[in-house]
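One structure below.
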Amino acid sequence: MASSDRKRIRQAFLTSLTEGVIELHRDWKAAWQPPIFLENEPAGALSLFPLPAAEFAAESGYYVEDSGKVVFVFFPDLYSKIEYMGMSIYLAGSFNGWQEAVGQEEWQLAPEKVVGREALVLRVGIGRLACEEACHFKFVSEEHHWFRVDSSAPNATQGGMGDWNYVFQPKLTGRHRLGFRLKRPIELSDNNYLVYQTRKDDERLCLQPGEFFFSLQADGPLGATVDGTSTSFRLFAPRARWVKVGFFEDLAQPQKISWLLMKRGEDFVWEASVDQDLSGFYYWYRLDGPKNEFSLFDPEFDILDPYARATVSRVGPGIVVSGEGPGKTPPSFESPQWQDLVLLEGHVRDFVEKAPGLRRDEDRPAGFADLAAYARRDDFYPKLLGVNAIELQPIQENDSQSHDEYHWGYMTANFFAPHSGYGSQPELGSQVAEFKELVTTLHEQGFAVVLDVVYNHVGEPAHLMFIDKLYYFRQGADGSLSNWSGCGNDFRTESPMALRIVVDSLKWLVEVYGVDGFRFDLADLVGKPALREIERELKAIRPDVILIAEPWSFRGHIGPELRDTGYASWNDGYREFLKGYARAESGIDAAKYYLTGSPEHYATWPAQTVNYVESHDDRVWIDEITENAGFDGTYPTPNDIARTRLMIAFLAMSVGMPMLHAGMDFLGTKNGVRNTYQDGPRNALDYARARRYPSCVRYFADWVAFRRSERGRLLRPYSRASEGFFEFLPHENGVSFACIYNASGESGPSKLLFAANPGGQDVEIDLGAWGATAWTQLADHEAFLSPSSRTWSNRPDKTLFLPGIACGLWESAL
């Protein structure tokens, strides 16, 4: 390597407190000893040694042997067995036509051990790759499953479609890496830099902690703990130079704060104790640490304790909650089995804001106590709809600028504290008791309580970033924050103490408040390993806990990868299919797949798919499918209403876990606006529309009731039925069909017949041998039928008649 080369070092990181790795821009030569030393340390404090080239494969997917052959390495232990078990794996890239390589023996990997790990390997002559500077590659199974590339890999890059590929670069062979040893352990709280000489001057490079740093962890309690007549404060801060806690009694006099310097333990937990019961006191932390591109330490910034059980606002201060807060009690509510759930997603304030006849204090924003009061009434909207589970949008402290500000809640400021803006007296921490009372009330009214939780990013201010930006947040090699959430940062759940915050806060919500389950926002970024640990921890304290993933992010989609876990997943494929099917834009094959529960590819067991067409995000259903211009469903057309009826029938008849969004049944609209995350007036449920469209409201409620009834048990299997359970009878138009449930008779003598016609023309569907069955119609495309109305019911014979944009339900005689 010529001494005139500038920026010869790509990056340097520690693998322990005394060892590390230096990555160069090209292979090092044994005869070359670069003048590298540790800043502010004497010469000889750092010694260099070569690293095995094969170790590079663990990060990059390849290395180059001494023979010159490129060795591509796939490590199965990085992936779920469900993705690769029993399958052949192939190397695919720009050099072999990508998917054209699948099935070609010359590109198939073979078993071999690499750096002591089981691996699949393929050796390729560099000439066959035909790339002078770089070429992209990936690993793919024989079933065309493309294995995800770790976006943090040193050679990861985005392709043209937004996906990630590995990059092979001939200059980076694995021999461009050097190891180094230090004579004395490094101090993480120091500013540590490597300095190396070039012809013109010295270059400085921040020496950042590597993987060992992200494995640091501690046991024992964290946060503020009151024990009799003393109060202890504990904070994990691995790179802090000092930490202090400040506490005060009168919120109106924060200048009377008392600051106490904390002491660091061997586990990097800082601790201080006060011989006084500080229950109801307010507190903040302050700390300082190294100043570099991987840090955001600020000795003047007031930090809200990430373990604060209550907070006055998004910026703090935290409130010391004595003992165990509201009191730990075992869950007394027994959630319905997953296949029996009918979820309703909604927002605390949206439910309450326009609730008819609800008396509340108009001088403060609606909150937990108001929703609890509404839930006790006979006309509580979810009761009228008939659902048995309410999925609340986030209730943890969010970054709304004031208590009055409307906010969806997906920018979390603290994971333990109920949102201060939903409390009647947030400065006193009333939100703690009021949220517990809300959960208790919903249980008394027969509803399971599921919370939307956001653990993939945090809101502003990002208090954890001021505690340790590097440990808690994913960053690039230059210190820039990863942003696959689209919200400015990605939480590093791979770090044990980051994951501990997630697990501890979820257990707190279950054990203290009695919450029944969680829906994980952008779960792709939480990651499958973290999701598995969360599942293990939560099921240890509550085996029937409801776990739902929104399995995507801007980075990717892990829905199919979660098939071997205990999570159900929002099914975006179902959502997009049904929007299209209601307009006769999707065919019978897709209808069969989604009606029968998205088997194999997406869901291993029936309730693993959460079937839905509308949530808080993006356009609501009626705006999306309306015939009106500008996606404005304020005044839906007759066809819009007919398609909505067809949708709820199809949704109710689909195997899986159905989820509705509050207001769908009365054709709730955002008036053509797509994103309404801070638009309280537009999001507030307009119950007047229930009076405007009463037949649609009844139709929804009747379908929910039928699905939950004994008659609807055939729609709620606990395990997968045989292939003969469903029998589809397609119409020649390619979109209309009839389906027999329990055609095999394996679930007893009762059978259901469901038929749908999304097209604009009337159809006659040939029932074949099923035409001889005595069918009784239960519902048509306008209503569930009463005994008197069945005189005019549609009685199938050899064929079944359906008008355009219509559906129907029949039951066989027992």
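The values are calculated or read from the model by the stated rules, or taken from the named source; none is laboratory data. Remember, it's a predicted structure, so these values are computed and weren't measured experimentally. Here Cβ is always computed from backbone atoms with ideal geometry, including for glycine, and neighbour counts include all displayed protein chains. Each accessible area value is taken on the protein alone, full model and side chains, heavy atoms only, with ligands, DNA and RNA left out. Shrake-Rupley method; radii C 1.70, N 1.55, O 1.52, S 1.80 Å.
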- Query: Using mean Cβ contacts within 10 Å as the protection proxy, how do 374-380, 469-475 order, highest first?
  - Reply: 469-475, 374-380
- Task: At 4 °C and 1.567 mPa s, grab the translational diffusion coefficient of segment 466-561 from Stokes-Einstein with a Kirkwood Rh over Cα pairs, rounded to a whole number in µm² per second.
- Result: 91 µm²/s
- A correct Stokes-Einstein calculation for segment 672-752, using the alpha-carbon Kirkwood radius, 4 °C and 1.567 mPa s, returns a whole-number D in µm² s⁻¹ of 78 µm²/s
- Note on the structure: Computed over all unlike Cα pairs, the Kirkwood hydrodynamic radius of the chain in Å stands at 29.6 Å
- Taking only Cα atoms of segment 541-663, the Rg to Rh ratio with Kirkwood Rh works out at 1.00
- Rounded to the nearest 20 Debye, what is the dipole magnitude of the chain about its Cα centre when Lys and Arg each give +1 and Asp and Glu each give -1 at the C-beta? 620 debye
- For segment 675-681, what does the Karplus curve 6.51 cos²θ - 1.76 cosθ + 1.60, with θ = phi - 60°, yield as ³J(HN,Hα) per residue in whole Hz, taken in order and with x for Gly and Pro? 10, 10, 5, 10, 9, x, x
- Task: Evaluate the relative contact order of the chain (contact order divided by residue number), counting alpha-carbon pairs under 8 angstrom at least 6 apart; express in whole percent.
- Result: 9 percent
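Taking only protein heavy atoms into account and a 1.4 Å probe, give the accessible area per residue of the chain in Å². Intermediate values should be presented prior to the final figure.
Details: 32160 Å² over 814 residues.
Ligands and nucleic acids excluded, the result is 40 Å² per residue.
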- Item | For E727, distant residues with modelled amide H under 5 Å away | I740, A743
- Item | When the convex hull of its Cα atoms is projected in every direction, mean area for segment 129-203 (nm²) | 9.6 nm²
- Item | Overall Cα dimensions of segment 329-378, principal axis frame, Å, largest first | 40, 26, 19
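What net charge is computed for the residues neighbouring I257, neighbours being all others with C-beta under 15 Å from the C-beta of I257, Lys and Arg scored +1, Asp and Glu -1?
That sum, taken over residues with Cβ under 15 Å, equals -2.
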- Message: If I require 30 Å or longer along the helix axis, counting alpha carbons, and a Kyte-Doolittle average no lower than -1.0, what helices from the chain are left? Use full DSSP H segments.
- Response: none
- Using eta = 1.002 mPa s and T = 20 °C, Stokes-Einstein with Kirkwood Rh from Cα pairs puts D for segment 337-431, in µm² s⁻¹, at 151 µm²/s
- Task: Work out Dmax and Rg for segment 67-109 from the C-alpha atoms and quote the Rg first, both in angstrom.
- Result: 11.7, 35
- Item | Protection proxy ranking, peptides 452-458, 511-517, 14-20, average beta carbon neighbours within 10 Å, highest first | 452-458, 511-517, 14-20
- Rg followed by Dmax, in Å, when segment 115-172 is reduced to its Cα trace: 12.7, 35
- Rounded to the nearest 500 deg cm²/dmol, what is the calculated helix-only ellipticity per residue at 222 nm for the chain, with -39500 (n - 2.57) per DSSP H run of length n ≥ 4? -5000 deg cm²/dmol
- Query: Do any trypsin sites (Lys or Arg not before Pro) in segment 83-185 lie in a DSSP loop with no more than 15 other beta carbon atoms within 10 Å, and if so, which?
  - Reply: K171, K183
- Note on the structure: HN-Hα couplings for segment 170-181 via Karplus (6.51, -1.76, 1.60; θ = phi - 60°), in whole Hz with x for Gly/Pro, come out as x, 6, 10, 9, x, 8, 8, 10, 10, x, 9, 10
- For segment 240-398, what number results from the quotient of the Cα radius of gyration and 2.2 N^0.38 Å? 1.42
- Taking amide hydrogens as modeled 1.01 Å from N in the peptide plane, which residues meet the under 5 Å criterion relative to Q475, leaving out close sequence neighbours? S482
- Item | Compactness of segment 447-522, expressed as Rg and Dmax over alpha-carbon positions, Å | 13.8, 48
- Note on the structure: By the rule of no other cysteine beta carbon under 4.7 Å, the lone cysteines of the chain are C206, C487, C696, C739, C807
- Query: To the nearest 10 Å², what's E112's accessible area with a 1.4 Å probe?
  - Reply: 60 Å²
- Message: Rounded to the nearest percent, how much of the accessible area of the chain (1.4 Å probe, protein heavy atoms only) is carbon and sulfur?
- Response: 49 percent
- Item | Amide hydrogen neighbours beyond the local backbone of E391, cut-off 5 Å, H modeled | L344, E345, G346, V450
